[in-house]
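Just so you know, all these numbers are worked out from the coordinates, no wet-lab data involved. Everything numeric here is computed off the predicted structure, so don't read it as measured data. Here the Cβ is made from the backbone with ideal geometry for all residues, glycine too, and neighbour counts use every protein chain on show.
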Amino acid sequence: MTATDRLLTFHPRSVAIMASVMGFSLIALFGVIWTQFDQGTRDTFSWFQRLTLLAFFGAILWLLYRMATVRITAYADRLHIRNVFKTYTLPWSDVSALRFRAGDAWLQLFDAEGNRIGVLAIQASEGGRASKAAKELAAVARAHGAGPKQTPGS
C-alpha cells in the first residue's frame, strides 16, 4: 500500500492541534512539578507509586495521540476509518450510506448490516472543510459501488 493507492484522506486539524498542545502542556507541567520537588520529597515516592503515575500519564498521552491521529482514508477497494478507540476497514460493498447533516457532530456511516459507525475524522467543528470532505467522500463511495444494495425483484 503506497501513498498513490489513496484516493482521499481527511483528518481534523483542530482536534490534532488541541491534542498536541494538551500533550506537550502535560509533559511540561509534570516535568516542572517533578523537578521542583526537593530530593526528599521525590524519595518518598515508592517504585509502585512512580510506576502508577507513569502508567496514568502514559494512558493520557496515548489517548491524546489517538485523538490527534483520527482520520479516514479511501482506497480503490476499501475505506479505512481510524477513530479514537477503534479502527475499521470496510470494502466499499459493505458501505450502504454516509450521512452528515446539519447538527450532526460527525459523519455517520451505515454498513451493509445496518450498523452505524461514527466517523470522528469528519467533524462539524471543522466547518466547511468537513462538509467538503464529506461530499468528496460520498462521491468516491458512489464511484466505487457503495450504497444501498438492491435485492432481486425490488
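Please report Asp94, Asp43 as a ranked list, fewest other C-beta atoms within 10 angstrom at the top and most at the bottom.
Asp43, Asp94
In whole angstrom, how long is each semi-axis of the equivalent ellipsoid of segment 71-143, when you take the square root of 5 times every eigenvalue of its Cα gyration tensor and sort them from largest down?
18, 13, 12
Over segment 1-129, what relative contact order in percent results from Cα pairs under 8 Å that are six or more residues apart?
Once normalised by length, the contact order is 26 percent.
Within the set of other residues whose C-beta is less than 11 Å from the C-beta of Ala133, count the net charge using Lys and Arg as +1 and Asp and Glu as -1.
After counting each charged neighbour, the total is +2.
Identify which of Phe24, Phe56, Phe37 has the largest mean-square fluctuation in a Gaussian network model of the chain, with springs joining Cα atoms closer than 10 Å.
Phe37
For a footprinting-style exposure proxy, rank Ile60, Ile81, Ile117, Ile33 by other Cβ within 10 Å, fewest first.
If I rank by nearby Cβ atoms, fewest first, I get Ile33, Ile60, Ile117, Ile81.
Helix check for the chain. Which DSSP H runs span at least 30 Å along their own axis by Cα, with a mean Kyte-Doolittle hydropathy no less than 1.0?
Passing helices, by number: 13-36, 47-68.
Hey, got a sec? Which trypsin sites (Lys or Arg not before Pro) in segment 63-142 land in a DSSP loop and have at most 12 other Cβ atoms within 10 Å?
Lys86, Arg101
Can you give the convex hull volume per residue for the Cα atoms of the chain, as a whole number of Å³?
Roughly 154 Å³ of hull volume per residue.
From the Cα gyration tensor of segment 12-68, with a ≥ b ≥ c the square roots of its eigenvalues, which class applies: rounded if a/c is under 1.5, or else prolate if a/b is larger than b/c, or else oblate?
Oblate.
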